[in-house]
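Encoded as structure tokens, the structure appears first; notes follow it.
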Amino acid sequence: DAGVTQTPRHEVAEKGQTIILKCEPVSGHNDLFWYRQTKIQGLELLSYFRSKSLMEDGGAFKDRFKAEMLNSSFSTLKIQPTEPKDSAVYLCASSSGGDTQYFGPGTRLLVL
Amino acid sequence: QQQVRQSPQSLTVWEGETAILNCSYEDSTFNYFPWYQQFPGEGPALLISISSVSDKKEDGRFTIFFNKREKKLSLHITDSQPGDSATYFCAASIGQGGSAKLIFGEGTKLTVSS
């Protein structure tokens, strides 16, 4: 079975741009998570979907970050507008509703 | 407020030694504790996990020791190998049936020197 797929692997954006990151979860998984990873803050949850319903939207990330599940096998994370402090690795993970989350390789975002 | 804490932030051991990574938590409702291993350029991957009904979980060279009373756990890596060099994250959740959300610690970067 294919694991979690994320595209692009690397993204460079100018401040103020809109960027869209993509994620394909493991086939059959009902739970999908978006995380941001930085050296200082570690792994921070941005959004959590269960069966395409938004369960958690990450509080502090609400204003410029919007995650969507367009169908059970595809999710996007939109950052609008981007700021330099958004530079980080964005990770997508999926789960079958059990305890193990399977992570994708991440998208490394650099905002200039 | 950080609910899961890890120490040390970084650790260096010699090949063949035992590495001990520590983790503590605050929320007594947590009952599932996975450890994830992450190599540079990759996403974290589940290494080993334990539920709160057990005090020890072993998988090859990796062992979790769990102290529910003190809300502490530790990951022991025996006979450490250079290939074990990675960042290790302790996480916690309330397990199956409840929220699948994991709370991650800050991570411990392990370097195994040969």
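The distance from the alpha carbon centre of segment B:34-100 to that of segment A:38-55 is 20 Å, rounded to a whole number. Remark on B:GLU42: its backbone amide H falls under 5 Å from none of the residues 5 or more positions apart or on other chains, H modelled at 1.01 Å from N. Taking the Cα centre of chain A as origin and assigning +1 to Lys and Arg Cβ atoms and -1 to Asp and Glu Cβ atoms, the resulting dipole is close to 260 debye. Near B:GLN81, once Lys and Arg are set to +1 and Asp and Glu to -1 for all other residues with Cβ below 13 Å from its Cβ, the sum equals -3.
A simple count of charges around B:SER24, restricted to other residues whose Cβ falls under 9 Å of its Cβ and scoring Lys, Arg +1 and Asp, Glu -1, yields +1. Of the cross-linked pairs A:LYS66/B:LYS68; A:LYS22/B:LYS101; A:LYS85/B:LYS68, those separated by over 29 Å at the C-alpha level are A:LYS66/B:LYS68; A:LYS85/B:LYS68.
A simple count of charges around B:GLU70, restricted to other residues whose Cβ falls under 15 Å of its Cβ and scoring Lys, Arg +1 and Asp, Glu -1, yields +3. Within segment B:67-97, which trypsin sites (Lys or Arg not before Pro) sit in a loop by DSSP and count at most 14 neighbouring Cβ atoms inside 10 Å? Those satisfying the criteria are B:LYS68, B:ARG69. Restricting the trypsin sites (Lys or Arg not before Pro) of segment A:1-93 to loop positions (DSSP other than H, G, I, E, B) with no more than 12 neighbouring Cβ atoms within 10 Å leaves A:ARG9, A:LYS15, A:LYS39, A:LYS62.
FRET efficiency for the pair B:ARG5 and B:GLU58, taken as 1/(1 + (r/R0)^6) with r the Cβ-Cβ distance and R0 = 30 Å, rounds to 0.80. Simple point charges give the picture: +1 on the Cβ of Lys and Arg, -1 on the Cβ of Asp and Glu, and for segment B:5-57 a dipole about the Cα centre of about 100 debye.
Of the options B:PHE66, B:ASN22, B:TYR36, report the single residue whose Cα projects farthest towards the positive end of the charge dipole of chain B (beta-carbon charges: Lys, Arg +1; Asp, Glu -1). Result: B:PHE66.
Just so you know, all these numbers are worked out from the coordinates, no wet-lab data involved. These numbers come from a predicted model, not from an experiment. Note: ideal-geometry Cβ built from the backbone for every residue, glycine included; neighbour counts use all protein chains shown.
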